[in-house]
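S.K.: After the structure tokens below, expect a handful of questions from me.
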């Protein structure tokens, strides 16, 4: 990417992001622990678009909520965070396995965490992108925690309310939020994010500042390769056991619900029960997601509503027996789900299209399922990884699979010119990891997705930039890209394209080059759906839920991917570097 004359100051702001990354990357090389406060000046200097109030003494509720939703709730009790690649890294450093520790999760970030029940939190990192994600998130959390602590120390009446009781009446609760300078909507979202840890967290904030120490264990390229190889072993074994070796394999990076929902028929077979569940929940709480779904009956795609309803039903009433029943029904239809391995929280599914039943498939696919020219094809669908983990995973798959026929990526992105729920399709990607600009013939266009999208818009012929992390960008950084007509901000396309380069060329991916893919030996397509609009700072996932807008765009995109596979058109380009 070239910068135009007059963009020097904005380019300097972009350099501040690189300085921040270099700061924690080099400091974490130490063999001991480092306190997060060492990174706070660089974090504030970036002025992240997701943390615009980092340098202010006022609480930045949006950044705090964003961080809370991407960290386990036990973080309020934690004083030390260990980041490691492999289980043995933790065992060597601690003298014991962390598998005996309590597994904990973050509400909005899929990653493996283990808590010792006291002061230490261990987190598995599957690529450098996990470090780029975890460290700035922890820094943002600590900055906002300490602002709240100072505010409570200055507002004795508010502090007294917090310390008085873990259960307050609604009026007192509102007084605490107002005293902390947090808007009512954000105050409610913070409570939802912390759930049962809300009051314990507030009391800990009142009691002391937060000073978290971090330590990186391992962190080598070989370590990531070992972890990815372990991730592949059960998948490769399942392909062998199923007699699927040698068949055309379509690699899809999406999620573990959309493709399976559309091919298994699980939710439509339970339509009556699911509608009754939604209506019952709606009567109990008219503001609930279930109530909102019930109101969409007859006004939105029926299958999409049922797919979402099935998820809510399993969350509210699902039992081990119900989960077992679902797994058995899917296996009978050629769908095998493989759990993540220790260290890499990326589940996978193997779908044998020869065993999928036409009567079960989504109506939007049925015409092609009946024709079914690719009944011998296999879909390897994985749960969307974060950033550079995509590079390691696709490189491993390309090495292990003899007949890789297609690679399709469906994921979230920020949009600089669209709205929440829009579908974004790029044919050019600038990658901040390699500084390469990749251009390619995207397998998907407006015509492939638009007929199935009810709410948003489809924007094709766009340009994307792959960034290193959600906190590693600022307004001027984004403006620099927007001036160059980059309208999609995401984290995986560049790493996947780097792996595709190595799968089709005799050398490792280049650095700082323009890569034009032509005549690839497999089909390639990228689709993103807009989850936030950071350029305007108006709507982000830190302040709101994607909800049904994301369901609509996810399934419209998944329909396009499955139709592409069923049509079995596999042509595409062999990259050339200029």
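S.K.: Do we find that residue 323 is part of a helix (DSSP H, G or I), assigned by TED's automatic domain parsing to the domain that holds residue 552 and touching a residue at least 24 places away in the same chain (Cβ under 8 Å) in this structure?
M.R.: no
Matching residues to (1) in contact (Cβ under 8 Å) with a residue 60 or more places away in the chain; (2) in a helix (DSSP H, G or I); (3) not assigned by TED's automatic domain parsing to the domain that holds residue 19:
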position: 118; (1), (2), (3): no, no, no
position: 122; (1), (2), (3): no, no, no
position: 130; (1), (2), (3): yes, yes, no
position: 134; (1), (2), (3): no, yes, no
position: 137; (1), (2), (3): yes, yes, no
position: 142; (1), (2), (3): yes, yes, no
position: 148; (1), (2), (3): yes, yes, no
position: 151; (1), (2), (3): yes, yes, no
position: 168; (1), (2), (3): no, no, no
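S.K.: Got a sec? Which of 500, 511 is outside any helix (DSSP H, G or I) and out of contact with any strand residue (DSSP E or B) (no Cβ under 6 Å at 6 or more places or on another chain)?
M.R.: Answer to the check: 511.
S.K.: Take the range 366-392 and flag every residue that is farther than 26 Å from residue 413 by Cα, modelled with pLDDT of 90 or more and part of a loop (DSSP other than H, G, I, E, B).
M.R.: Residue satisfying the conditions is 377 alone.
S.K.: Turning to a different aspect of this structure: Sort out which residues of the range 395-428 are outside any strand (DSSP E or B) and in contact with a strand residue (DSSP E or B) (Cβ under 8 Å, 6 or more places away or on another chain), and write them in order of number.
M.R.: Scanning the range 395-428 gives 397, 398, 401, 403, 416, 417, 418, 419, 420, 421, 422.
S.K.: Pull up the range 215-228, narrow it to residues that are part of a helix (DSSP H, G or I) and exposed (fewer than 15 other Cβ atoms within 10 Å of the Cβ), then point me to the one that is farthest from the chain's Cα centre (by Cα).
M.R.: Top of the filtered list is 222.
S.K.: Inspect all residues belonging to the range 400-423 and state whether any of them is on the phi > 0 side of the Ramachandran plot and buried (at least 23 other Cβ atoms within 10 Å of the Cβ).
M.R.: So far as the range 400-423 goes, yes, one or more of its residues are on the phi > 0 side of the Ramachandran plot and buried (at least 23 other Cβ atoms within 10 Å of the Cβ).
S.K.: Looking at the range 30-47, is at least one residue in a loop (DSSP other than H, G, I, E, B), crowded, with 16+ Cβ neighbours inside 10 Å, in contact (Cβ under 8 Å) with a residue 24 or more places away in the chain and in contact with a helix residue (DSSP H, G or I) (Cβ under 6 Å, 6 or more places away or on another chain)?
M.R.: Looking for residues that are in a loop (DSSP other than H, G, I, E, B), crowded, with 16+ Cβ neighbours inside 10 Å, in contact (Cβ under 8 Å) with a residue 24 or more places away in the chain and in contact with a helix residue (DSSP H, G or I) (Cβ under 6 Å, 6 or more places away or on another chain), one finds none in the range 30-47, hence no.
S.K.: Report the residue count in the range 298-320 for those that are under 25 Å from residue 352 (Cα atoms), touching a helix residue (DSSP H, G or I) at 6+ places or on another chain (Cβ under 8 Å) and touching a residue at least 40 places away in the same chain (Cβ under 8 Å).
M.R.: The qualifying residues number 5.
S.K.: Can we say residue 37 is at pLDDT 95 or above, assigned by TED's automatic domain parsing to the domain that holds residue 187 and farther than 26 Å from residue 217 by Cβ?
M.R.: It is false that residue 37 is at pLDDT 95 or above, assigned by TED's automatic domain parsing to the domain that holds residue 187 and farther than 26 Å from residue 217 by Cβ.
S.K.: With (1) over 26 Å from residue 469 (Cα atoms); (2) in contact with a helix residue (DSSP H, G or I) (Cβ under 8 Å, 6 or more places away or on another chain) as the list, and residue 393 as the residue in question, which single condition is left unmet?
M.R.: Here residue 393 meets the rest and fails (1).
S.K.: Condition (residue is closer than 30 Å to residue 463 by Cα and either crowded, with 22+ Cβ neighbours inside 10 Å or touching a helix residue (DSSP H, G or I) at 6+ places or on another chain (Cβ under 7 Å) (or both)) applied to the range 325-337: is it met by at least one residue?
M.R.: no
S.K.: Can you go through 104, 134 and tell me which one is surrounded by 20 or more Cβ atoms within 10 Å (Cβ to Cβ) and either in contact with a helix residue (DSSP H, G or I) (Cβ under 7 Å, 6 or more places away or on another chain) or closer than 30 Å to residue 466 by Cβ (or both)?
M.R.: 134
S.K.: Let me ask you something else. Inspect the range 180-201 for any residue being farther than 23 Å from residue 66 by Cβ and out of contact with any strand residue (DSSP E or B) (no Cβ under 6 Å at 6 or more places or on another chain) and give the result as yes or no.
M.R.: Residues of the range 180-201 that are farther than 23 Å from residue 66 by Cβ, as a first pass: none.
The answer is no, given that none of the residues of the range 180-201 is farther than 23 Å from residue 66 by Cβ and out of contact with any strand residue (DSSP E or B) (no Cβ under 6 Å at 6 or more places or on another chain).
S.K.: Please go through the range 402-430 and give me each residue that is over 25 Å from residue 555 (Cβ atoms) and at pLDDT below 95, ordered by number.
M.R.: If the condition is that a residue be over 25 Å from residue 555 (Cβ atoms) and at pLDDT below 95, then 402, 403 are the ones that fit.
One line per residue, one yes/no per condition, for (1) farther than 28 Å from residue 252 by Cα; (2) outside the structural domain of residue 408 (by TED's automatic domain parsing); (3) more than 15 Å from the chain's Cα centre (by Cα); (4) not in a loop (DSSP other than H, G, I, E, B):
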{"residue": "459", "(1), (2), (3), (4)": "no, no, yes, yes"}
{"residue": "472", "(1), (2), (3), (4)": "no, no, yes, no"}
{"residue": "477", "(1), (2), (3), (4)": "yes, no, yes, yes"}
{"residue": "482", "(1), (2), (3), (4)": "yes, no, yes, yes"}
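The values are calculated or read from the model by the stated rules, or taken from the named source; none is laboratory data. No experiment lies behind these values; they were computed from the predicted model shown. Quick reminder, even Gly has a Cβ in these numbers, built from the backbone with ideal geometry, and neighbours come from all protein chains shown.
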